[in-house]
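The structure under discussion appears below in the form of structure tokens.
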Amino acid sequence: AGILSRSLHNPGYVHKHAAKHALRYCKLTADHGLTFRRSATSTLTGQVDSDWQPDYGTSESNRRSTTGWVFWSCGSAVSWRSSRQKAVAASSAEAEYMAAFCAARECVFLRRLKADLGCPQLPPTVIGEDNQACIRISKNPCDAERTKHIDGKYHLVRDLVKDNVLELQYIDTNNMCADMLTKFVPLPKVN
């Protein structure tokens, strides 16, 4: 829906097809909902993804990537977001790292909220990431040659990894639920 809304002023065939896809998804999942289970773990987990320099058939594409993240607790999604990145990324790893920064800020907020509710998160929060280079950047503060152009604020991710607040773990793209927040995915994947 976010991608479709960018083309409201001049929709084309590809947008019509995407709108039908979105409406079909809504129809097929009308009886779905969020269900929190006591038996499920209350540990906070998440996934983050980015698409690098997308072009969805618009003539005015500004090459900014889309960030998408989702967090779960007690067997259900508790927080999710899809938004355009503020800056153009120079590589897919940088786009993913910028997305990880946004997810890390939400992670800190959710951990504090859970602690205020009497459910502190003692182990680091595991966030699934499908880009190996992004994971390496988060763990290696010495890789200055490839990351010197990245704005310093994004290195909050490194600090949080170092302080055991969060941990980026590799997850295969085929198992990445955050994909549906950044790009078109086949219907069976989002069900």
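The values are calculated or read from the model by the stated rules, or taken from the named source; none is laboratory data. Computed from a prediction, not measured in an experiment: that's the story for all the values here. Positions of Cβ are backbone-derived with ideal geometry, glycine not excepted, and every protein chain shown enters the neighbour counts. With ligands, DNA and RNA removed, areas are computed over all heavy atoms of the protein, side chains included. Shrake-Rupley method; radii C 1.70, N 1.55, O 1.52, S 1.80 Å.
Converting phi to 3J(HN,Hα) with the Karplus coefficients 6.51, -1.76 and 1.60 and the offset θ = phi - 60°, segment 122-128 yields 7, x, x, 6, 8, 10, x Hz in sequence order, with x at every glycine or proline. Work through the residues other than residue 88 whose Cβ is under 10 Å from its Cβ and net out their charges, Lys, Arg +1 and Asp, Glu -1. Charge balance in the 10 Å sphere: +2. When 43, 182 are compared by accessible surface with a 1.4 Å probe, the order from highest to lowest is 43, 182. Of the accessible area of segment 72-177, computed with a 1.4 Å probe over protein heavy atoms only, carbon and sulfur atoms account for 52 percent. Computed from phi, the 3J(HN,Hα) profile of segment 79-96 under the Karplus parametrisation 6.51, -1.76, 1.60 (θ = phi - 60°) reads 7, 7, 7, 9, 7, 6, 6, 6, 10, 7, 8, 7, 7, 5, 5, 5, 4, 5 Hz, with x in place of Gly and Pro. When 72, 80 are compared by accessible area of protein heavy atoms, the largest-first order is 80, 72, using a 1.4 Å probe.
When the pairs 20/86; 114/183; 114/139; 86/153; 86/183 are compared against a 24 Å limit on Cα-Cα distance, 20/86; 114/183; 114/139 fall above it.
Solvent exposure of residue 125, expressed as accessible area, is near 0 Å², computed with a probe of 1.4 Å over the protein chains only. Remark: segment 108-117, residue by residue, has Karplus-estimated 3J(HN,Hα) of 4, 4, 5, 5, 5, 4, 5, 5, 5, 8 Hz, where x stands for each Gly or Pro and the curve is 6.51 cos²θ - 1.76 cosθ + 1.60 at θ = phi - 60°.
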